[in-house]
Structures are given as structure tokens and as C-alpha cells.
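Peer 1: Structure incoming, see below.
The values are calculated or read from the model by the stated rules, or taken from the named source; none is laboratory data. Because the structure is predicted, anything quoted here is derived from the model rather than measured. Backbone-built Cβ (ideal geometry, glycine too); neighbour counts: all protein chains shown. Only protein heavy atoms, including side chains, enter the accessible area calculation; ligands, DNA and RNA are left aside. Shrake-Rupley method; radii C 1.70, N 1.55, O 1.52, S 1.80 Å.
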Amino acid sequence: MGSVTSFALGESTTAWLRSSGLEIVLLILGAMLFGRFVSFVRDRITSQIDASFRGGDALVRTEAAKHRHALAQVLTWVILTIAYVLVGVEVLQRLGFQVTGLVAPAAVLGAALGFGAQRIVQDILAGFFLITERQYGFGDVVRISVTGSAEMAEGTVEDVTLRITTLRNSDGEVIIVPNGQIVKVTNLSKDWARAAIDVPVAAGADLTRVNEILHQVGAEAFADPRLEPLLLDQPTVMGVEDLAMDKMSIRMVARTLPGKQFEVGRELRVRVASALRREGMSETA
């Protein structure tokens, strides 16, 4: 009797594996392969975007490239989420669960989780508007005010999804910000950026000569083959920015490509310091 029962059980298991079991395995494998395919396509698209970014016009290409890069990440996330949900429903059906019968319990569970999911919905809606309004994209340098935090989140955008924004700051730390908690965004690399240098000099210094030196530094920087591609125009001298009893500050500004203001600012400070030192003017830029 026991052998007959075991044989029957084995037959039913084999039949199930040949029908629903095999379909479940194929569905899961198909979902995994589809996920890899979508990720592969996304990587190819982003690689082409990066290649065109290096090969095209620096100022025009950057905003479109950053937006397309962020959009590719978001679309991948949405497509994979929908695909996995559909596969999960099909697997449940083949396991014998009546999906239509789960509608009522799901509604009750959804109402219970709705209060806890408000922040997730808020994050997703905020992420949708961040992407569609092109507030920032992959590679942008941003400063973000976060709800409940006195410190600003600042760094380079490494990833943008509908729910979170991932930054990496100058110390190499990764900062993850839920989109729904973003109060204000300061984009430091939108279209173009500006490097501002305040040059302190003695109060009795010859302003005419100092301006001549700074103008010469700006012209030499703009003529430098290494710096010229990063500059949109020749650095200019704005004039006296601050005045004290023993010193004054003269501001020099330069319009740069997005995200290049820090590199240009450091180089200009070195050049200004060297030029003023040659003239016998002790200062710290």
C-alpha cells in the first residue's frame, strides 16, 4: 500500500514538474534573463551617452547627456519592477493561488500599509518631477537641503531613481537622499559654472597695478591650451569686493564648463599667487 502511495505521489510530482513546475522555472529564468538584458541595454545606452559627451560640443551636450543618463536609469528601474511583478503574479497562479481571491485581502493590506507608504509615494512623485523638470542629472554637482537635517548634502550625483538620489562627496562618502525629503536643490553645474576668487591685498597697494596683473593672469589662462577648453570666456576682474582697515579683496571671476569651476579656481589661485609674488606683493589667494 505504501509503495503504491509513494508511486502515485511520485507520478503526481513528476506531472506537476512537467506542467506548472517547468513553467515556473521558465518564468523565473526568463525574468532573470530579461533583467540582465535590460541592464545590458541600459549600460550600452549610457556608454554611448558618455562617448558622445566626450566627442561633442562641451556646453551643449552636457545637459542633454546628463538628463538622458538619469532617464535611462529610471526607465530601467520601472521596466524591471513591472516585469518582476507580472512574473510574480504568474508564478502565484501556477502555484494554485487564486489571484482574484486575493483582491479583498490585498485591499485591506493596502489600506493598512497606505499610512506607512505615504513617504514612499512622496519620494516617487518627487523623483518623477526631478527627472521631468531636469533639475539635475547624472554627473551634476549639487547642494541639497534635506528635511530634518541642518547640514546640506553636497556632492556629485552618481545615481537618480524615482525614489532616491545618490551623491558622492569630496571625501568619497556616498550620501543617499530620499527624493521626498528634498527641500531645495542648488545645482552647481547647470549649463555653466563660475569660479570666483577673492584676492586679498594690502590696503595701500596700487589698485591699478593689481588690476593689470590680474587681467594679465586671466589672459594667460585663457591662452593656455590646457585651461582654455574649460573656460567659456576670458577671466575678468570685477573690482574691490571687500574693504577693511589693513587690507582689501579684489574679486576675479571666470565662467567655466559645468563642474569645472573648482579645477579652474585652484589653477587661477596658483597663477595669481605667483604673479603677485613676482611683483613683491605678499598675499594669499
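Peer 1: Could I have the simple spin-label model distance between ASP191 and THR81, label points 7 Å from Cα toward Cβ, reported in nm to one decimal?
Peer 2: Using points 7 Å along Cα→Cβ, the separation is 3.2 nm.
Peer 1: Could you sort VAL74, VAL183 by accessible area so the largest value comes first, with the probe set to 1.4 Å?
Peer 2: Ranked from most to least accessible, the order is VAL183, VAL74.
Peer 1: Continuing with the same structure: I need the phi-derived Karplus couplings for the stretch 137-144: 6.51 cos²θ - 1.76 cosθ + 1.60, θ = phi - 60°, integer Hz, Gly and Pro marked x.
Peer 2: x, 4, x, 6, 9, 10, 10, 10
Peer 1: Taking LYS247 as the anchor, which aspartates and glutamates have their alpha carbon closer than 19 Å to its alpha carbon, excluding any fewer than eight residues away along the same chain?
Peer 2: Output for LYS247: ASP198, ASP206, GLU212, GLU279, GLU283.
Peer 1: Hey, another quick one. Can you give me the solvent accessible area of LYS184 with a 1.4 Å probe, rounded to the nearest 10 Å²?
Peer 2: Probe radius 1.4 Å; accessible area of LYS184 about 110 Å².
Peer 1: Give me the percent of accessible area attributable to carbon and sulfur for the stretch 108-213, probe 1.4 angstrom.
Peer 2: That fraction is 56 percent.
Peer 1: Related question: Please list MET248, MET152 from largest to smallest accessible area, probe radius 1.4 Å, with all protein chains kept in place.
Peer 2: If we order MET248, MET152 from most to least accessible, we get MET152, MET248.
Peer 1: Something else: Which shape class, rounded, prolate or oblate, goes with the stretch 186-285 when its Cα gyration tensor gives a ≥ b ≥ c as root eigenvalues, a/c under 1.5 marks rounded, and past that a/b bigger than b/c marks prolate?
Peer 2: Prolate.
Peer 1: A further question follows. Just to check I understand the Karplus step: with θ = phi - 60° and J = 6.51 cos²θ - 1.76 cosθ + 1.60, what whole-Hz values come out for the stretch 226-242, glycine and proline as x?
Peer 2: Once θ is set to phi - 60°, the couplings for the stretch 226-242 become 7, 8, 4, x, 8, 9, 8, 7, 5, x, 10, 9, 7, x, 6, 9, 8 Hz.
Peer 1: Next up: I'm checking a number: the convex hull volume of the Cα atoms of the stretch 123-248, normalised per residue, in Å³. What is it?
Peer 2: That works out to 150 Å³ per residue.
Peer 1: Hey, what do the phi angles of the stretch 86-95 turn into as Karplus ³J(HN,Hα) couplings, whole Hz, using 6.51/-1.76/1.60 and θ = phi - 60°, x for Gly and Pro?
Peer 2: Working through the residues one at a time gives 4, 5, x, 5, 5, 5, 4, 4, 6, 7 Hz.
Peer 1: If each of SER249 and GLU133 carries a label point 7 Å out from its Cα toward its Cβ, how far apart are those two points in nm?
Peer 2: With each label placed 7 Å out from Cα toward Cβ, I get 3.2 nm.
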